[in-house]
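The values are calculated or read from the model by the stated rules, or taken from the named source; none is laboratory data. These numbers come from a predicted model, not from an experiment. Note: ideal-geometry Cβ built from the backbone for every residue, glycine included; neighbour counts use all protein chains shown.
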Amino acid sequence: MAAPRFLQKLGSGFQEVIATVLGGAGNGEKIVSTNTSGVLDPSLFPAGIGADIVTVPASEALAAGAQVNLWGNSGATNARNADGSVANGGKKSEGFVIAAVASGATATVYRNGLNTGLTGLTPGADYYLGTTAGTVTTTPPSAAGQTLQYVGKAITATSLDVQPGPFVGLA
């Protein structure tokens, strides 16, 4: 959907103006509109206000709603699937992606907040980092060599309030 348009009075006439959905250079002194998701884009807020996000390359494919680990890849921060399995040595959850991201594409990683990229959650249930890449589970990992990390609480069947806890190796 195209951004809304408004009439602006200029002297004795009017001019059609398109609302902006993005912040940044060239968009000052403009009327703001929500994006196609019905929310304000994070670029409209100054640093430190709004969603706590980072945008980094994805070093592997990330499914919608995946828990993500941020790691140093040849001197640059990359996003990969978080994983609490022994086979992967543990990759703690440091955020999530809402939409799927292809390997090599730029991932918008939300450090905390509502993950609305999931389905089939049990409202009110606590969720932990799963032992399958990027997943969450209501059953806390308990086997030796796995890692235990609280991820958050389901608010609805499709939204998880993500507040990652400490990452603990199990003996």
Lone qualifier among G117, G113 - being of a type outside the set (V, I, T) and under 17 Å from A157 (Cβ atoms): G117
Subset of region 54-83 [loosely packed, with under 15 Cβ neighbours inside 10 Å and not in a loop (DSSP other than H, G, I, E, B)]: T55, G72, N73, A76, T77
Residue in region 84-97 that is among the aromatic types (F, W, Y) and free of Cβ contacts under 8 Å to residues at least 24 places away in the same chain present: no
Residue match in region 146-168 (condition: of a type in the set (V, I, T), buried (at least 16 other Cβ atoms within 10 Å of the Cβ) and more than 25 Å from W71 (Cβ to Cβ)): yes
Residue list for region 74-93, restricted to those being over 23 Å from P166 (Cα atoms) and either under 14 Å from the mean Cα position of the chain (by Cα) or not aliphatic (A, V, I, L, M) (or both): S74, G75
Pick from region 112-145, criterion hydroxyl-bearing (S, T, Y) and surrounded by 14 or more Cβ atoms within 10 Å (Cβ to Cβ), ranking: nearest to A66 (Cα to Cα): T135
Breaking point among (1) in contact with a strand residue (DSSP E or B) (Cβ under 8 Å, 6 or more places away or on another chain); (2) farther than 20 Å from A61 by Cβ, for G117: (2)
Some residue of region 19-27 being closer than 14 Å to V97 by Cβ and either assigned by TED's automatic domain parsing to the domain that holds T106 or without any contact (Cβ under 8 Å) to a residue 60 or more places away in the chain (or both): no
Residues located in region 26-46, provided they are surrounded by 12 or more Cβ atoms within 10 Å (Cβ to Cβ) and either at positive phi or touching a helix residue (DSSP H, G or I) at 6+ places or on another chain (Cβ under 8 Å) (or both): V32
Residues satisfying the stated conditions in region 90-105, i.e. touching a Gly at 6+ places or on another chain (Cβ under 9 Å) and surrounded by fewer than 22 Cβ atoms within 10 Å (Cβ to Cβ): K92, I98, A99, A100
